[in-house]
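Quick notes on the structure that follows.
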Amino acid sequence: MDALDVARWQFGVTTVYHFLFVPLTIGLGPLVAVLQTMWLRTGNERYLKLTKFYGKLFLINFAMGIVTGIVQEFQFGMNWSDYSRFVGDIFGAPLAIEALLAFFLESTFLGLWIFGWDRLPKRVHLATIWAAAIGSVLSAYFILAANSFMQNPVGYRIDPESGRAELTDFVAVLTNKVALITFPHTIAGAFLVAGSLIVSVSLWHVMRRGVTDETPAHRFATRFGAVVTLVATAAVLVTGDIQSKIMTQVQPMKMAAAEGLYDTESPAAFSVLTVGSLDGGREVFALKIPYLLSWLSTGDVDGEVHGINDLQAQYAAQYGPGDYAPMIPVAYWSFRLMIGFGLAAALVALLVLWAQRRGRTPSSKWLLRAGLVLPLLPLAANAFGWIFTEMGRQPWIVFGEMLTRDGVSRSVSLTEVLTSFTAFTLIYAILAVVEVRLLLTYARRGLPAVAPPPDDDHDGDRDADEDRPLAFAY
């Protein structure tokens, strides 16, 4: 093990950990805004209670996401300084806009939403949560645009003197075809996480707390979350299909690794299960679905899909001697686990809807257990999706331009990286306990007993503490 290995482990651990919070923030923000919109349009108090109930869970998660996200950018200077020097002119632009525009929009209006319940007119207050939700979505886009450059470099040139990549077309970076499809796929995955959380929490209240005044609201929230989960699953499948075709165009080795396809095939079958040799150089056994891989990769059932061995020979001739295949087992299984966990979440949501048909109250202990683990399924799907995305690009840190081994900081020793890796892992473990404890504590509580905010014609000059909705005083 050397500094490169530990630096990769550290970035992988911190990135996956951070992305446990990101999809819930992106997905839950708009759903809270929808619930508040329903309250404003109907005047039904249950929507107000649900807004404040899930709004609190949203804020807990948002705060934790900020704390863990800050570390991500520090690592570019700590462990990946050569990468930062090479691509900083390009990578820094979308990240700067994300921080100065999207995050500013998100955090500012979220603050107004938190403290504006009894100070702002209802419609203005509603606009603040929508602005915060839009900010989180915009933030995701700029970050994905930066990441997509690593997958498919566009809008740049290599300076012959400095050897650095220089930005020549910022619009091309923002409209990278990888970013344009990765963005909706990621947002759909975020709604899958958020919908699953709402199903899990409200289903627990419906099944474990018996019939109370809160039951109608939680029954609605359970159906609402289940519908969001199913619609998001459909969106994930559609965008994922398009993404696989674009991935085949720009990173054919990643698709070949995802399928354990060693030799070029036309038509190509989708591998349900493949067992390869110990050296990863050939297929030993495979269970396949004919024609499906050709369709997923090219949109044609007879389309040609290049295999790992043929692409290895092509890359060796193009880029020089070396091993240009990623770790096949990691790419292969992370791709399948991503799909499997996502479909499992949709199945549980469908069962919940069926159990609540015609006003029935679910009573199956197995359904309750499935509901409790439901939020973990799309979180796992998101995590394995990013593991596949980043590990499948290896050995490149910028595809076709810079190898991962060339991007690590040369001045950082193995001991230094191990120290920071250990420290971050321990801190993140503590934060995970805090996050889960806070979410469980507030999720178990019932809906808040709230007093509606003042009417729009109030001048807001009354005592700030008078009639404040206590349950929303964060």
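The values are calculated or read from the model by the stated rules, or taken from the named source; none is laboratory data. As the structure is a computational prediction, the values presented were derived from the model and not from experiment. Heads up, the Cβs are rebuilt from the backbone with ideal geometry, glycines too, and the neighbour counts pull from every protein chain shown. Just the protein is used for accessible areas: all its heavy atoms, side chains included, with ligands, DNA and RNA removed. Shrake-Rupley method; radii C 1.70, N 1.55, O 1.52, S 1.80 Å.
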Estimated vicinal HN-Hα couplings, Hz - the range 134-147 in sequence order (Karplus 6.51, -1.76, 1.60; Gly, Pro = x): 5, x, 5, 5, 4, 4, 4, 5, 5, 5, 5, 5, 5, 5
Provide the convex hull volume over Cα atoms per residue for the range 59-174, in Å³. 104 Å³
Leaving out same-chain residues fewer than 8 places away, which lysines sit with a Cα under 17 Å from that of Lys122? Lys49, Lys52
Heavy atoms only, probe 1.4 angstrom, no DNA, RNA or ligands counted: give me Phe74, Phe142 ranked by accessible area, highest first. Phe74, Phe142
Keeping every protein chain present and rolling a 1.4 Å probe, give me the accessible area per residue for the chain in Å². 46 Å²
Matching label for the computed Cα extents along the principal axes in Å, out of [x] 70, 52, 49; [y] 72, 63, 41; [z] 74, 50, 41, is [z]
Quick one: net charge of Val178's neighbours, Cβ under 14 Å, K/R +1, D/E -1? +3
Neighbourhood charge, 13 Å Cβ-Cβ cut-off, centred on Ile143 and excluding it, Lys, Arg +1 and Asp, Glu -1: -3
Enumerate the calculated ³J(HN,Hα) couplings along the range 115-121 in order (Karplus 6.51 cos²θ - 1.76 cosθ + 1.60, θ = phi - 60°), each rounded to whole Hz, writing x wherever the residue is Gly or Pro. 9, x, 4, 10, 10, 9, x
Apportionment of accessible area to carbon and sulfur, the chain, percent (1.4 Å): 65 percent
Summing -39500 (n - 2.57) over every DSSP H run of at least 4 in the chain, dividing by its residue total and rounding to the nearest 500, the 222 nm mean residue ellipticity is -23000 deg cm²/dmol
For Lys177, the accessible surface traced by a 1.4 Å probe with all protein chains present amounts, in square angstrom to the nearest 10, to 90 Å²
